[in-house]
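The values are calculated or read from the model by the stated rules, or taken from the named source; none is laboratory data. Model, not experiment: these values are computed from the prediction. Virtual Cβ from ideal backbone geometry, glycine too; neighbours counted across all protein chains shown. SASA here: full protein model, heavy atoms, side chains in, ligands and nucleic acids out. Shrake-Rupley method; radii C 1.70, N 1.55, O 1.52, S 1.80 Å.
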Amino acid sequence: TVFFTSDPYAALPFFPYANESTKKDLQAMWDAYVASWAEGVGDDYEGFDEKFPLPEGEEYLPFQKAGLVFAMDYASSNVLFGDDMGLGKTIQGIGFANALKSKKVLVVCPANLRKQWEKQWERFSTMRLPVIHRIMKSSDGVNPLAHVTIVSYDLVHKPDILTPLCRQKYDLLILDESHKLKTPNAKRTRAVCGGGRGIYKRMHLSKTASRIACLSGTPSPNKPKETWTVARMLDCVSIDGLSYDRFIDTYNPSFQVAKYKVIESVKRLPELQSRMRCNYMVRRLKDDVLDQLPPCTPEIMYVENNGKIERALKEEKLLNFDPDMMARPDFRIDGAVSTVRREMGVAMAPRMVEHLKFLLEDEGVEKVLVGAWHHEVMDYLAEEVADSGVGSVRGGMSSTAKDDAKEEFISGKARIKNGQRAALAEGVEGLQDVCSTAVICEPDWVPGTNMQFMGRLHRIGQKSNVLVQFLVAEDSISEKIVSRMLEKVKVTHEVLDRKFHMASFKYEDE
């Protein structure tokens, strides 16, 4: 049997079965396709560290190296880092900027990630003394002298922000969670990608940048047609310049089966994947690179301040609290400290909800284990994310009630396990079978309690890398305590548990 097509992207999935002449014609495309799955860089790749620099003390995982090689050596010009959540798309995006020697960068991201981007840029960028400008509200304006500008999708379409941004020229435009641009006629999409009439036809951000890097763990959230806007922006040629309507007809057509019923279908999906991977998308799944990941990855997530958080921070400073005091055997948490802790928890609760919704809706996380402390905070979280199903465990509950909440989470009725840290620190087994993501919304000021909570998922039976996020406000007591705790964990790992790469030891014959 012989199959024929004039479309090389349609033929590419059959490359292993093609005759030698066809393989020769498709080889360059096949090399790019394979590179888009690569889990590491070969030993014959010379000069990686010079081409892809990082600050001293930082390093890439092998698959992150491969992602950067794809971006520089295989992508047509722009790139989409499409790895699963938790695989370090941010470090690859900043690494891309380092490799390009970018001097002026614009980052567009969800509002709750602006502070995180600033922190990550300070950590991984090789820019010397960069001026970083976060736009928190329209009145902040645009700083033309900034090396890095960070703005949210909620603000970027506003004329008083978009206009001065478009007057700048950027070496790189980074679009985090780029699937937020899936709707062509949305204001945020037009502000970034162009289209429509009026201001967005005349000016849009993609025109201002020499290169573009998109980051998304869900490049096609629900339907093939949702990939069109990003494909058109990153590499219009990769989709043969198809209009939105023609793209839908080709890959995601609709059929009316009754007077008021329309059914969407999909077709030619292997061809669409070939077009994406051969031209601009590198994407690896967590299961593919699990052997490269640590069994448990803790990270600090910074929340955006609001008025209540600012007031709570001022109250914390009045305590004159030294985290080192907690190591003393006579340390006690008094009433004043407890009051301030509660105020901080209540102040941060809306930011906690924003982050949980981001994980569930944008990142596609199936289940989340949530750690809190104050009943007021737990009640607020349970109410605001009730649509996702919440099973709560707190002190004073009977063992039967705890078991019922656990079974709701394990069975799938609840996507969120909302637990008081102490109540979940012991005696709750089985969560690791269905969940690998934890968010500690109110970190304990006793580091050992946080470690116990992490152990709810990081234990025998867990088949995935565990991601534990600590939500903190910058300059808070929680930030200081968690930072010191994680530093101690890192030191312990280096001293006791980090395996040496035996291949690095070379012995000379005497």
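Using a simple spin-label model with pseudo-atoms 7 Å out from Cα toward Cβ, residue 59 and residue 337 lie 3.8 nm apart.
Only Lys, Arg, Asp and Glu count, each charged at its Cβ (+1, +1, -1, -1), so figure out the dipole size of the stretch 173-285 about its Cα centre, rounded to 20 debye. Walk me through the numbers on the way to the answer.
Values: 22 positive and 9 negative charges, 61 e Å.
It comes to approximately 300 debye.
Its Cα centre serving as origin, the chain has a Cβ charge dipole (Lys and Arg +1, Asp and Glu -1) of approximately 2180 debye. Quick check: from the Cα gyration tensor, does the stretch 101-167 come out rounded (a/c under 1.5), prolate or oblate? It comes out oblate by the Cα gyration axes.
Computed from the C-beta positions of residue 199 and residue 28, the FRET efficiency with R₀ = 35 Å rounds to 0.30.
Taking all protein chains as they are arranged and a probe of 1.4 Å, the heavy atoms of residue 344 leave approximately 10 Å² accessible to solvent.
Shown in residue order for the stretch 456-471 are the 3J(HN,Hα) couplings computed by the Karplus curve 6.51 cos²θ - 1.76 cosθ + 1.60 at θ = phi - 60°: 5, 10, 8, 7, 4, x, 6, 10, 9, 5, 8, 10, 10, 10, 9, 7 Hz (x for Gly and Pro).
Here the Karplus relation 6.51 cos²θ - 1.76 cosθ + 1.60, evaluated at θ = phi - 60°, turns the backbone of the stretch 161-166 into coupling constants of 9, 4, 4, x, 5, 6 Hz, with x for every Gly and Pro. Each label point was placed 7 Å from the Cα along the Cα-to-Cβ direction; for residue 399 and residue 246 their separation is 6.9 nm.
Using the Cα gyration tensor of the stretch 172-301, with a ≥ b ≥ c the square roots of its eigenvalues, what is the shape: rounded (a/c below 1.5), prolate (a/b larger than b/c) or oblate (neither)? Walk me through the numbers before you get to the answer.
On the way: a/c = 1.83, a/b = 1.21, b/c = 1.51.
Here the stretch 172-301 falls in the oblate category.
For residue 134, the residues 5 or more places off, or on other chains, whose built amide H falls under 5 Å of its own are 150. Here the Debye sum runs over all C-alpha atoms of the chain as equal scatterers in vacuum, and log10 of I(q)/I(0) at q = 0.05, 0.08 Å⁻¹ comes out as -0.22, -0.58. Peptides 176-185, 133-142, 244-253 ranked from most to least packed, by the mean per-residue count of other Cβ atoms within 10 Å: 176-185, 244-253, 133-142.
If I stretch the segment between residue 122 and residue 139 completely, what's the gain in nm (0.36 nm per residue apart, minus their alpha carbon distance), one decimal? Don't jump to the answer; show the numbers that get you there.
Numbers: separation 17, 0.36 × 17 = 6.12 nm, distance 2.45 nm.
Extending this stretch completely gives an extra 3.7 nm.
Accessible-area rank, largest first, for 228, 30, 373: 373, 30, 228, with all protein chains present and a 1.4 angstrom probe. Shown here: the stretch 1-129, whose C-alpha atoms stretch 61, 36, 25 Å along the first, second and third principal axes, sorted largest to smallest. Cα centroids of the stretch 264-295 and the stretch 142-200: 27 Å apart.
What is the dipole size for the stretch 1-146, taken about its Cα centre, with +1 at each Lys and Arg Cβ and -1 at each Asp and Glu Cβ, in debye to the nearest 20? Write down the numbers at each step before the final one.
Details: 15 positive and 19 negative charges, 199 e Å.
It comes to approximately 960 debye.
What is the antiparallel percent of DSSP beta bridges lying wholly in the chain, to the nearest 5?
Working: 4 of 50 bridges.
Of the beta bridges lying entirely in the chain, close to 10 percent run antiparallel.
Where only protein heavy atoms count, and the probe is 1.4 Å, what is the accessible area per residue for the chain in Å²? Please report the intermediate quantities before stating the final value.
On the way: 25500 Å² over 510 residues.
Accessible area per residue, the chain: 50 Å².
Taking the C-alpha atoms only, the angle from helix 20-35 to the longest principal axis of the chain is near 20 degrees. Inter-label distance, residue 51 to residue 267: 4.1 nm, where each label sits 7 Å from its Cα along the C-beta direction.
If you roll a 1.4 Å probe over the chain with all protein chains in place, what percent of the accessible area is carbon or sulfur?
On the way: 12880 of 25500 Å².
Heavy-atom surface of the chain belonging to carbon and sulfur, 1.4 Å probe: 50 percent.
Counted by Cβ distance under 14 Å from residue 182, the other residues give a net charge of +3, where Lys and Arg count +1 and Asp and Glu count -1.
Fully extended, how many nm does the chain gain between residue 72 and residue 361 (0.36 nm per residue separation, minus their Cα-Cα distance)?
Values: separation 289, 0.36 × 289 = 104.04 nm, distance 3.09 nm.
Gain in length upon complete extension: 100.9 nm.
Can you classify the stretch 117-232 as rounded, prolate or oblate using the Cα gyration tensor, where a ≥ b ≥ c are the square roots of its eigenvalues, rounded means a/c under 1.5, and otherwise it's prolate if a/b beats b/c and oblate if not? It comes out oblate by the Cα gyration axes.
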